[in-house]
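K.L.:
Before I ask anything, here is the structure I am working with.
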Amino acid sequence: MFTRVDHVGIAVRDLDAAISFYEKTFGVSFTYRHTAQDQGVEEAMGQVGESWIQLLKPLGAETPVGKFIESRGEGVHHIGYGVADVRAALEELKGHDIRLIDEHPRPGSRGASIAFIHPKSVGGVLVELVQE
Ligand code: CMX
Ligand code: CO
């Protein structure tokens with residue numbers, strides 16, 4: 001089902017500071033920046049080879065990333081895996097007794113189609129399916 005690691009999502013409090021840290025320290029360029037009101041985040045994407053780092057700043061304390069930082073602090077928030085077809089992947093997962101957050105695909109970064117799987121079904125790891 002998974003074709004590659006598309007991106008690693010990292011929760012940060014200060015997006016500008018995080019972008020400049022990754023640029024100066026690791027030479028990662030952030031070429032895409034976007035506010036996704038429906039996800040409650042401002043995000044920046046930096047390409048690393050064929051994959052991306054997604055820095056996520058919550059738009060408020062009651063958003064998913066805001067609650068995550070409140071309870072766990074900054075750090076790795078989710079892994080985005082590439083799939084050929086999100087709709088087909090969701091159908092397949094329904095047969096595996098997996099708890100889906102999104103029953104249907106929704107729009108994600110860079111025009112992708114995405115869906116989240118609940119961390120309680122994946123050993124504590126929030127998983128995002130990504131179809132470019
Ligand atoms: N990774 C692992 N576990 C997580 C988690 C994460 N990112 N976020 C929450 N949890 C755990 C919590 O620790 C908590 O565990 P316990 O019950 O053992 O304490 C449990 O899940 C419930 O956490 P909560 O704080 O009560 O949060 P909610 O149930 O309100 O929401 C979740 C959790 C995963 C359903 C919600 O964050 C969600 O829908 N996430 C998907 C959407 C998202 O994160 N969007 C932002 C990214 C945007 C993008 O990449 O484009
Ligand atoms: Co993501």
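K.L.:
For a quick check of your reading of the model, give me the residue pairs whose first member lies in the stretch 65-79 and is under 19 Å from TRP52 (Cβ atoms), whose second is among the charged types (D, E, K, R) and in a loop (DSSP other than H, G, I, E, B), with beta-carbon atoms closer than 7 Å and at least 6 apart or on different chains.
P.N.:
That search, which allows pairs on different chains as well, returns GLU74/ARG13.
K.L.:
Now, a different point. Inside the stretch 11-22, can you point out the residues that are assigned to a helix (DSSP H, G or I) and closer than 22 Å to PHE68 by Cα?
P.N.:
Answer for the stretch 11-22, where residues must be assigned to a helix (DSSP H, G or I) and closer than 22 Å to PHE68 by Cα: LEU15, ASP16, ALA17, ALA18, ILE19, PHE21, TYR22.
K.L.:
Do you know which residues across the stretch 103-132 are within 12 Å of ligand 2 (Cβ to nearest atom) and assigned to a loop (DSSP other than H, G, I, E, B)?
P.N.:
GLY108, ALA112, LEU126
K.L.:
Follow-up question, since we're still on this one. Among the residues of the stretch 107-126, which ones are within 10 Å of ligand 1 (Cβ to nearest atom), surrounded by 13 or more Cβ atoms within 10 Å (Cβ to Cβ) and either farther than 15 Å from TYR81 by Cα or of a type in the set (S, T, N, Q) (or both)?
P.N.:
SER109
K.L.:
Given the options GLY60, GLY49, GLY73, GLY95, name the one that is exposed (fewer than 13 other Cβ atoms within 10 Å of the Cβ), away from ligand 2 (no atom under 13 Å from the Cβ), within 17 Å of VAL5 (Cβ to Cβ) and not aromatic (Phe, Trp, Tyr).
P.N.:
GLY49
K.L.:
While we're here: Out of all the residues in the stretch 29-50, which are over 12 Å from the mean Cα position of the chain (by Cα) and polar (S, T, N, Q)?
P.N.:
SER29, THR31, THR35, GLN37, GLN47, listed by residue number.
K.L.:
Inside the stretch 1-29, can you point out the residues that are touching a residue at least 24 places away in the same chain (Cβ under 8 Å), touching a helix residue (DSSP H, G or I) at 6+ places or on another chain (Cβ under 7 Å) and away from ligand 2 (no atom under 14 Å from the Cβ)?
P.N.:
Result: MET1, ARG13, VAL28.
K.L.:
Looking at (1) closer than 20 Å to ARG110 by Cβ; (2) at pLDDT 95 or above; (3) not aromatic (Phe, Trp, Tyr), can you tell me which one GLU70 breaks?
P.N.:
That leaves (1) as the condition not met.
K.L.:
Residue under question is VAL8, and the condition is that it be aliphatic (A, V, I, L, M), over 11 Å from the mean Cα position of the chain (by Cα), more than 12 Å from SER109 (Cα to Cα) and open to solvent by 30 Å² or more (accessible area, probe 1.4 Å); does it hold?
P.N.:
no
K.L.:
Looking at (1) more than 9 Å from ligand 1 (Cβ to nearest atom); (2) open to solvent by less than 40 Å² (accessible area, probe 1.4 Å), can you tell me which one ARG87 breaks?
P.N.:
Tallying (1) more than 9 Å from ligand 1 (Cβ to nearest atom); (2) open to solvent by less than 40 Å² (accessible area, probe 1.4 Å), ARG87 fails exactly one: (2).
The values are calculated or read from the model by the stated rules, or taken from the named source; none is laboratory data. Model, not experiment: these values are computed from the prediction. Cβ: placed from backbone, ideal geometry, glycine included. Neighbour counts: every protein chain shown. Remember, those area values only see protein heavy atoms, side chains included, never the ligands or the DNA or RNA. Shrake-Rupley method; radii C 1.70, N 1.55, O 1.52, S 1.80 Å.
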